[in-house]
Amino acid sequence: MNDSGVGALLEHLPVFWWEADEQSRVAEWGGGAFTDLSTAQRFLDRARQEMPDPGRRLEEEHRLVQFDDRTFRVRWASDESPDPGRTRGLAVETGAQPAGGRRYAAFAEFADLAPAAAFLRDRDGRYLWANHSYAHLYGTTPERIAGRRIEDFDTPADAAQFRALDQEILSRGKPVRHHLSYHRADGSMGQAAGHRFPVQENGQPCVAGIYVDITDHARAMDQRREAEESLKALRDHSGLPCALLSVDGRIQQAGTATAELFRTRLSDLIGRRAHTLLATTPELRPLRQAWEGLLTRRIRRAETSAVLLDAEGRRRRARLHLATVNGGAGGVAYVWAVVTQQGVAHEAQPPLTAAQIRILSLLAGGSTNGEIALTLGLSRQTVDYHLSRLRALLDAPTRPALVARAYALGILDTRVWPPHPSGL
């Protein structure tokens, strides 16, 4: 080849060009397909053997030739050589495989740069091929894995496990999907999931495998399972009434304390709409506002009040803590509702007016009737009437009993001083 520029270009390509003398010995050659003259000569000898009819004109040959597990498309030059008796030709390596060629070369080409770790081993545990992801698990390159054995990379226990799996595949002759544990390069334990399957390589039974490292995923799933178990234990054994609500307000989960609070069976709560457990009182408005804020993600948690209605029709004022559980795409999947404070159950009674609740607050703070009248700008007779009416409504004959009853029913907030109405 006289054109030095073309020759230099071919040095970096999987091609082979040659000129041979009358004895079919390579006189000149080049390209990047072969690195030494002896290999180039062996290829030319093999190419000539592939000719079905030695007497046929060389320039008419254009064939696929398999050589050292590689496939070349060969073309003999049709023009006359400057030197009598010499022949010229060009061979280009191709991915196409002739009949009877390597069955799994396509697998190797596909998996070489795949994120999943893939390998090919013979029945003696020697690596024939591995992709970059597999080599990365061992901190090396595919070239340094080929030709070595399992024991060169894995601990004795892991090597014995992997050999046993290989033998199972070879004896069964069927692919197997499974999980396995192994020692990672840093000494920690890892987990992988994938397939092993039998293949034929150069007429010999071998084992191929492709795996995905699921260590981080498995660890995350374990942590989630532990969190769910801890939450379940808290839900069932803490004594706090709580429920997991869907975004449409249905009860998905609930603790035994919740069923006891509403005097019903736990199975009767699941699937029920939560608003059917609430009495129609002024507290419903701030509760609905809090619920809307949670679902629209303006807030992540809220604390509010409500009057609960049990299966026997009795009411109980309660303090609720609401918190969201995030779902996919950043939306709200559920809302946890926890009763953090509750009054005693009582029969339905006429709702108290704002003035009556204010009078109870001042009474609990130690104010006399005259001080209450002065603070609220009412007459002494009006305050006396309200207190008489409150004793009848709350079934409390004395002033101390009236204050105690107000706290027990949750009308007054036990967490603050001076006395203050709950939920206000």
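The values are calculated or read from the model by the stated rules, or taken from the named source; none is laboratory data. Not measured: the values here are computed from a predicted model. Glycine also receives a Cβ, built like all others from the backbone with ideal geometry; neighbour counts cover every protein chain displayed.
Details
- For the stretch 335-384, the set of residues classified as of a type in the set (Val, Ile, Thr) and either without any contact (Cβ under 8 Å) to a residue 60 or more places away in the chain or touching a helix residue (DSSP H, G or I) at 6+ places or on another chain (Cβ under 6 Å) (or both) consists of Val335, Val344, Thr353, Ile359, Thr368, Ile372, Thr375, Thr382, Val383, listed by residue number.
- Failed condition for Val332, given (1) touching a helix residue (DSSP H, G or I) at 6+ places or on another chain (Cβ under 6 Å); (2) without any contact (Cβ under 8 Å) to a residue 40 or more places away in the chain; (3) among the β-branched types (Val, Ile, Thr): (2)
- Tabulated pairs, the stretch 33-50, first assigned by TED's automatic domain parsing to the domain that holds Glu11, second among the acidic types (Asp, Glu) and not in a loop (DSSP other than H, G, I, E, B), C-beta under 7 angstrom, 6+ apart or interchain: Ala33/Glu93
- The single condition among (1) among the aliphatic types (A, V, I, L, M); (2) assigned to a loop (DSSP other than H, G, I, E, B); (3) crowded, with 20+ Cβ neighbours inside 10 Å that Ala311 does not satisfy is (3).
- Positions within the stretch 279-306 being charged (D, E, K, R) and buried (at least 18 other Cβ atoms within 10 Å of the Cβ), in sequence order: Glu283
- Taking the stretch 29-38 as the range and being farther than 18 Å from Val92 by Cβ and not in a loop (DSSP other than H, G, I, E, B) as the test, the residues that pass are Leu37, Ser38.
- Test for Arg172: is it out of contact with any Cys (no Cβ under 8 Å at 6 or more places or on another chain) and either within 30 Å of Gln252 (Cα to Cα) or charged (D, E, K, R) (or both): yes
- The lone criterion from (1) closer than 27 Å to Met221 by Cβ; (2) surrounded by 15 or more Cβ atoms within 10 Å (Cβ to Cβ); (3) not β-branched (Val, Ile, Thr) left unmet by Ala185 is number (2).
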